[in-house]
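K.L.:
For reference, the structure I am asking about is given below.
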Amino acid sequence: MSYFADSIAAAFQLITSFDKEIYQIVVTSVSISLIAALIAGLFAIPAGIAFALNHFSGKRFIQHILNTLMAMPTVVIGLLLYGLLSRLGPLGQFNLLYTPTAIILAEAILIFPIMMNLTIVAVTSADSRLVPTLISLGAKPITLSIHVARQTRFAILAAIITGFGRAIGEVGAAMMLGGNIEGFTRTMTTAIALETSKGEFEIGLALGLLLLLIAFIVNFLLSWLQRGRT
């Protein structure tokens, strides 16, 4: 019990003393996940709006694929991208393996179906009179999509925040594609795994507490957005 208590005390000491190594990992992790969320949102949100507003054959099948991708293990994404980005892979010439770009790409792919699905739900749950009214006023597809996005902006923002929260907790693909390089690709989750395996439990615990704090902030923002919609 004293070991655990001492480790917690040491972890808080590292956090409150603003240990350079700890916060460098935090900054790296947050920046990578934020960029991934913004990139994924740039594609997932328009795709989700277009999917929700249009009717076409195979729509239900695509929805099933999206639902399946939401549950895809991160190591599978990491494995596929590793094959693509490795020196012998088709994209090996770009030297992206073991760089932050590789992690960003993996996290963006990971959260894309989540953000798209949440956008679809937001649009389909909007006021049923919105789309017919806009169409009756002569709104073109792009104009229609823009107006729908404005009306569902809180839910769309919540989708982005949810994607960020999922990305920052990712470990499998980040470990495989980033290589856990200190000061370069070491994220909070990969650092926790490494430091714990080395016996540096207090460092792993400090990073774990900061990760919990970030998760709390993300959930607080989601709750605030939900209140803003009502």
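K.L.:
For 119, 185, 143, which order do you get if you count the other beta carbons within 10 Å of each Cβ and list the fewest first?
P.N.:
143, 185, 119
K.L.:
With a cut-off of 8 Å between alpha carbons and a minimum separation of six or more residues, what is the relative contact order of the chain in percent?
P.N.:
31
K.L.:
Also, quick follow-up: Using mean Cβ contacts within 10 Å as the protection proxy, how do 68-79, 151-162, 215-226 order, highest first?
P.N.:
Going from most to least packed, we get 151-162, 68-79, 215-226.
K.L.:
Straight-line reach only, C-alpha to C-alpha below 24 angstrom: list the lysines that residue 20 could link to, leaving out same-chain residues fewer than 8 apart.
P.N.:
Candidates past the 8-residue exclusion: 198.
K.L.:
Here is a further query. What's the local net charge at residue 110, with K and R +1, D and E -1, over the other residues with C-beta under 14 Å away?
P.N.:
-1
K.L.:
By the scheme Lys and Arg +1, Asp and Glu -1, what is the net charge of all other residues having a beta-carbon under 13 Å from that of residue 77?
P.N.:
Net charge around residue 77: -1.
K.L.:
Rounded to the nearest 500, what is the 222 nm mean residue ellipticity of the chain from helices alone, with -39500 (n - 2.57) per DSSP H run of 4+ residues and division by all residues?
P.N.:
-25500 deg cm²/dmol
K.L.:
Related question: Which of the lysines could a cross-linker bridge to residue 140, judged by Cα under 27 Å and excluding same-chain residues fewer than eight apart?
P.N.:
Qualifying lysines at Cα under 27 Å: 59.
K.L.:
With a 10 Å Cβ neighbour count serving as the proxy for reagent exposure, in which order, fewest first, do 101, 189, 133 appear?
P.N.:
Listed from fewest to most nearby Cβ atoms, that is 133, 101, 189.
Each value in this text was obtained by applying a stated rule to the coordinates, not by laboratory testing. The structure presented is a predicted model; accordingly, all values stated were derived computationally and were not measured. When we count neighbours, we look across all protein chains shown, and the Cβ atoms used for this are built from the backbone with ideal geometry, even at glycine.
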